[in-house]
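What follows is one structure encoded as structure tokens, with my remarks underneath.
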Amino acid sequence: MTAPREVVRRILADRTDQPKGTAKVYVPANIALVKYWGKRDEALNLPVTGSLSVSLGPLGSHVELSRAAGPADEIRLNGAHLPADGSFAKRASAYLDLFRPRDFFFAVQARNTVPTAAGFASSASGFAALAKAADALFGWGLAPRELSILARLGSGSAARSLADGFVEWHAGQAADGMDSYAERVAAEWPELRVGALVLCAEEKPVGSRAGMKRCVETCEFYREWPARVARDLAELKAAIARKDFAALGAIAEGNALAMHALMAATRPPLLYALPETVAAMRTIWAVRATGLPLWFTMDAGPNVKLLFEAKDEARVREMFPGIDVVAPFG
Ligand code: 2P0
């Protein structure tokens with residue numbers, strides 16, 4: 001097994017580590033249409049399967065990175081100083097350790113435009129922004145593929161947050177993960193809309209990292225998942241290429257429900273849906289039966305992300321007042 005530090009050493013090769021002032025970057029959050037669920041290597045966040053997401057344009061993470069004055073990392077999130085022993089600061093510092101020069105501490109100012117309670121994950125954009133900011137601060141000039149690999153070492157889904165639009169993360173096969181990176185799918189879809197339906201803003205009892213590990217280890221149907229994902233990925237890419245919204249919606253919704261079926265068959269079971277989640281799904285199915293092309297996807301939590309096209313936005317907002325709507329293609 002290759003250690004994360006060894007991967008970073010291979011990527012950075014003989015690049016310098018002289019910091020240049022302050023680096024300021026932004027990267028979008030992303031939402032998977034075909035999900036990443038299960039790892040073949042936990043240390044390197046190498047996935048069992050590929051996945052395909054859409055980046056959320058203006059919803060994401062701004063990060064400013066520079067050298068800290070004192071002898072410890074200084075991490076601020078949305079203006080507030082984070083205690084060094086908190087879970088977020090510890091995870092960020094452990095990530096920065098992977099490329100920390102000797103006797104060097106980082107000042108990190110992170111600001112999320114993903115509303116924290118909106119049910120869109122911010123860890124993907126957070127770690128992707130840290131990787132991109134480090135590249136800028138040290139002037140490494142990494143290629144997009146190398147940057148995606150570096151981001152993946154922080155959080156798997158971060159590999160997909162370094163490009164706009166549709167992004168495919170290739171699972172890869174190499175033990176060191178050098179072929180496991182994400183890249184943009186060449187397609188535009190200006191009419192596509194993603195709506196966040198927030199049903200519960202509380203922290204979930206089992207995070208996705210622990211949940212996917214438990215699922216791979218105990219769900220007897222997990223062995224069906226790779227073939228399902230391979231089919232969904234092929235069909236989704238074809239649907240994107242011909243701009244077939246009903247197909248995109250059906251594949252994304254079906255893939256999310258298949259992932260949640262695996263979760264339900266995990267021991268002990270993982271059930272992220274709340275009664276409100278089920279009610280929302282039934283409403284979506286009922287209005288779709290009346291002819292409105294509205295679909296959904298869900299991640300490891302109770303909130304629902306609506307998928308629709310711009311022409312239907314007013315009707316969707318009527319049905320679900322208070323949703324946050326994103327146009328991923330501007
Ligand atoms: C996804 N999720 O494709 C899937 C769907 C959750 C459900 O990627 O352990 O936070 O850092 O690699 O990236 C969430 O998992 O997990 C996730 P790690 P990550 O968006």
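The values are calculated or read from the model by the stated rules, or taken from the named source; none is laboratory data. Keep in mind that what you see is a predicted model, and the values were worked out from it rather than measured. For neighbour counting, all protein chains shown are included, and Cβ atoms are generated from backbone atoms with ideal geometry for every residue, glycine included. Ligands, DNA and RNA are stripped out before the accessible areas are found, and what is left, the full protein with its side chains, is counted by its heavy atoms. Shrake-Rupley method; radii C 1.70, N 1.55, O 1.52, S 1.80 Å.
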Original post:
Which whole-Hz couplings ³J(HN,Hα) result when phi for each residue of region 18-35 is put into the Karplus expression 6.51 cos²θ - 1.76 cosθ + 1.60, θ = phi - 60°, listed in order with x for Gly and Pro?
Top reply: 8, x, 10, x, 10, 9, 10, 9, 9, 9, x, 6, 9, 10, 7, 8, 10, 7
Subject >> For region 176-244 and region 91-117, distance of Cα centres in Å >> reply: 26
Original post:
Going out from 0 in 5 Å bins, what whole percent of all Cα-Cα distances in region 213-280 drops into each bin?
Top reply: 3, 16, 21, 19, 16, 14, 8, 2, 0
Subject >> Per-residue SASA entry for LYS237, accessible area with 1.4 Å probe, Å² rounded to 10 >> reply: 80
**OP:** Using θ = phi - 60° and the Karplus relation 6.51 cos²θ - 1.76 cosθ + 1.60, list the HN-Hα couplings for region 264-279 in order, rounded to whole Hz, with x at every Gly or Pro.
**Re:** 5, 8, 7, 10, x, x, 10, 10, 8, 6, 9, x, 5, 5, 5, 4
Subject >> the chain, relative contact order in percent, only Cα pairs under 8 angstrom and at least six apart counted >> reply: 21
Original post:
Once amide H atoms are built 1.01 Å from N in the peptide plane, which residues 5 or more positions from LYS39, or in another chain, come under 5 Å H to H?
Top reply: VAL48
Original post:
Quick one: which of LYS35/LYS243; LYS39/LYS237; LYS20/LYS213 span more than 31 angstrom between C-alpha atoms?
Top reply: LYS20/LYS213
**OP:** Return the Rg/Rh value of the chain, two decimal places, where both radii are evaluated on C-alpha atoms and Rh is the Kirkwood radius.
**Re:** 0.96
Original post:
Can you list the HN-Hα couplings for region 302-310, worked out from phi with the Karplus curve (6.51, -1.76, 1.60; θ = phi - 60°), rounded to whole Hz and with x for Gly and Pro?
Top reply: x, 7, 10, 10, 8, 10, 7, 10, 3
Original post:
What value, in deg cm²/dmol to 500, does the helix sum -39500 (n - 2.57) over DSSP H runs of n ≥ 4 give at 222 nm once divided by the residues of the chain?
Top reply: -11000 deg cm²/dmol
**OP:** Starting from the Cα of VAL278, step 7 Å along the direction of its Cβ; do the same at GLU6; then give the gap between the two resulting points in nm.
**Re:** 4.8
**OP:** Mark the label point 7 Å from the Cα of GLU191 along Cα→Cβ and return the residues of region 269-291 whose backbone N is within less than 20 Å of it.
**Re:** 287-291
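For ALA201, what is the net charge nearby, where nearby means another residue's Cβ is under 13 Å from its Cβ and Lys, Arg count +1, Asp, Glu -1?
-3
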